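Data first, discussion second: the structure below is written as structure tokens.
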Amino acid sequence: MRKLFLTVFYSGLSPKAPGTAGSFLSLIFAVLLLQIIDISTLFLLTILISVIAAREINKYEEEVQEHDSKEIVIDELAGMWLTLSICTITPENIYYIAALGFIYFRIFDIWKPSIIGRIDREVKGGWGVMGDDLLAGVAAGIATNGTYYLLEKFVL
């Protein structure tokens, strides 16, 4: 059951780009959830999942003796959901926001600028695994909102 959770329904076991696979599946879950729940509920679920994930990652890392295994993608789910939680989403823009949010989240998660990279390198355990993705989610959410605002003002 722990592996199902940590790998986000085994998407983290993808032989190529497990982080991207986990992020994409998480995006699909979020878009579906947002059809029936409010954005604030998605935010609260993100916090709850993050706390549980940090604890479960600590246990998993102790068992396998490896930090931040590539198959663990629950951190991508938390980061992706946090990205969307920060955004101003309406029924009319949800797919634009989802696409932009996914792109920005992957950019910040892979590039790891500034403090995002520092957390990735220096913080150990479950919060080390989760922390960089949560900060990448904040950065991606801000970038997504800004970009969508500009697109809406000048293009759409």
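The values are calculated or read from the model by the stated rules, or taken from the named source; none is laboratory data. Because the structure is predicted, anything quoted here is derived from the model rather than measured. No Cβ is skipped: glycine too gets one built from the backbone with ideal geometry, and neighbour counts run over all protein chains shown.
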Any pair with Cβ under 6 angstrom, 6 or more apart, that starts in segment 1-25 at a residue that is touching a residue at least 24 places away in the same chain (Cβ under 8 Å) and ends at one that is assigned to a loop (DSSP other than H, G, I, E, B) and surrounded by fewer than 16 Cβ atoms within 10 Å (Cβ to Cβ): Pro18/Lys70
Out of Ile49, Ile89, sole residue that is farther than 19 Å from Gly126 by Cα, of a type outside the set (Gly, Ala, Ser) and either touching a residue at least 12 places away in the same chain (Cβ under 8 Å) or part of a helix (DSSP H, G or I) (or both): Ile89
Single condition Ile72 does not satisfy, out of (1) surrounded by 14 or more Cβ atoms within 10 Å (Cβ to Cβ); (2) part of a helix (DSSP H, G or I): (2)
Breaking point among (1) touching a residue at least 12 places away in the same chain (Cβ under 8 Å); (2) of a type outside the set (S, T, N, Q); (3) assigned to a helix (DSSP H, G or I); (4) over 20 Å from Gly12 (Cβ atoms), for Gly146: (1)
Residue count for segment 1-54, restricted to those that are touching a helix residue (DSSP H, G or I) at 6+ places or on another chain (Cβ under 7 Å) and at pLDDT below 95: 1
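This table checks each residue for (1) of a type in the set (Lys, Arg); (2) over 12 Å from Leu27 (Cα atoms); (3) part of a helix (DSSP H, G or I).
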residue	(1), (2), (3)
Asn58	no, yes, yes
Glu66	no, yes, no
Leu82	no, no, yes
Tyr95	no, no, yes
Ile103	no, no, yes
Arg106	yes, no, yes
Residues located in segment 122-142, provided they are within 19 Å of Glu56 (Cβ to Cβ), assigned to a helix (DSSP H, G or I) and among the aliphatic types (A, V, I, L, M): Val129, Met130, Leu134
Residue within segment 125-132 that is touching a residue at least 40 places away in the same chain (Cβ under 8 Å), buried (at least 20 other Cβ atoms within 10 Å of the Cβ) and closer than 21 Å to Leu34 by Cα present: no
